[in-house]
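S.K.: The structure that follows is given in the form of structure tokens.
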Amino acid sequence: MTLSVLLTAVLLLFPGSDARTTGPAQEPSDSTERQLIEVEKQKTLPHEPLEILGTGFYKPSKIEEPYAKGFPPIDLVTGSTPAEIVGRVGQQVAWFGIVREDTWVKAGGDRKEGHHELLVEHKYFDGLTDAHQQIVSFAGGGDFKAILPFPEKKLPFKTLTLVRCYGEVSSEDAGIPTVDVKFVRVWPWNNFAFMTLDNEKIPDRTNKRWRKGIDIPEQAYSATPDTSYYEKLLGKQKK
């Protein structure tokens, strides 16, 4: 089945950025740095009934492709093998996760510009996804921080959305890595769903804080997720 094409709204972090020439192959200087947020167009809630379900390999979007090309294939999946997100300082990563908190941080110290510091609940990913929506595991490797140099204090997406953060792990504190983000792709509600990961070799290291009050079903997947699906598994999304 042909993968469905998702329309995207592209928001440039810096005016004058050219999505066609960005990527991890060359380390940009401060004057030429180009960084992007890509937000999927949110589908109507709930999904329309589907006649056929299709599964295939993850396909980066056109704007995402230059960033994905900078990684070995094994680093583009975190779930097909025992995955650790700790001990990765200095390495390039492409992690999936649910945005739990967003804090605006003023310029200071090593950071010359104000930025967003996202607290992200990591999610495992085995490289496979649905044709009509993104799929990740409900289990993950723990929390990580994502430094997003978006100049506006208000992000163009909400918390509790799914993101994929491309960048370098710059530090780690108390088992929580910090990723300096170069590109982030965002899936709002109704564009993604979870799979239950049942594999003893890949332990679920999710922060227990995010599981309080959550009644985890035996099967976390839904082909037609609606608002109640996300609220049951993630909590209520702030307006």
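None of the figures in this text is laboratory data; all of them are computed from the coordinates on show. This one's a predicted model, so the numbers in the text were calculated from it and none came from an experiment. Quick reminder, even Gly has a Cβ in these numbers, built from the backbone with ideal geometry, and neighbours come from all protein chains shown.
S.K.: With respect to the cross-link table entries Lys41/Lys106; Lys43/Lys69; Lys62/Lys238; Lys62/Lys123; Lys112/Lys153, which display a Cα-Cα separation exceeding 25 Å?
M.R.: On the way: Lys41/Lys106 30 Å; Lys43/Lys69 28 Å; Lys62/Lys238 30 Å; Lys62/Lys123 23 Å; Lys112/Lys153 15 Å.
Long pairs (Cα-Cα over 25 Å): Lys41/Lys106; Lys43/Lys69; Lys62/Lys238.
S.K.: What residues qualify as long-range amide H neighbours of Ala220, i.e. H under 5 Å apart, gap of 5 or more or another chain, H built at 1.01 Å from N?
M.R.: Long-range HN contacts for Ala220: Thr196.
S.K.: If you don't mind, there's one more thing I want to ask. Over segment 69-157, what is the relative contact order in whole percent, taking alpha-carbon pairs under 8 Å and six or more residues apart?
M.R.: Values: 137 pairs, mean separation 25.1, N = 89.
Relative contact order, segment 69-157: 28 percent.
S.K.: In nm, to one decimal, how far is the modelled label at Gln91 from the one at Val105, with both set 7 Å along Cα→Cβ?
M.R.: Reported label-point gap for Gln91 and Val105 is 2.2 nm.
S.K.: With the crude spin-label approximation of a point 7 Å out along Cα→Cβ, what separation in nm comes out for Lys212 versus Glu48?
M.R.: 4.2
S.K.: Additional query: Could you list Trp95, Trp189, Trp210, Trp104 in order of exposure, starting from the residue whose Cβ has the fewest other Cβ atoms within 10 Å?
M.R.: Result, fewest neighbours first: Trp104, Trp210, Trp189, Trp95.
S.K.: Okay, next question. Name the residues of segment 167-193 whose amide N is less than 17 Å from a point 7 angstrom out from the Cα of Glu152 along the C-beta direction?
M.R.: In segment 167-193, the label zone of Glu152 (backbone N under 17 Å from the point 7 Å along Cα→Cβ) covers 184-188.
S.K.: How far apart, in nm, are the 7 Å Cα→Cβ label points at Thr224 and Lys62?
M.R.: It is 3.3 nm.
S.K.: Which FRET efficiency value, to the nearest 0.05, is calculated for Gln237 and Glu172 with the Förster distance at 41 angstrom and r the Cβ-Cβ distance? Numbers along the way, then the final one.
M.R.: Numbers: r = 29 Å, r/R0 = 0.70.
Efficiency at R0 = 41 Å is approximately 0.90.
S.K.: Charges at C-beta only: +1 for Lys and Arg, -1 for Asp and Glu. How large is the resulting dipole of segment 171-239 about its Cα centre, in Debye rounded to 20? Before the final figure, lay out each step's value.
M.R.: On the way: 12 positive and 10 negative charges, 72 e Å.
Computed charge dipole of segment 171-239: roughly 340 debye.
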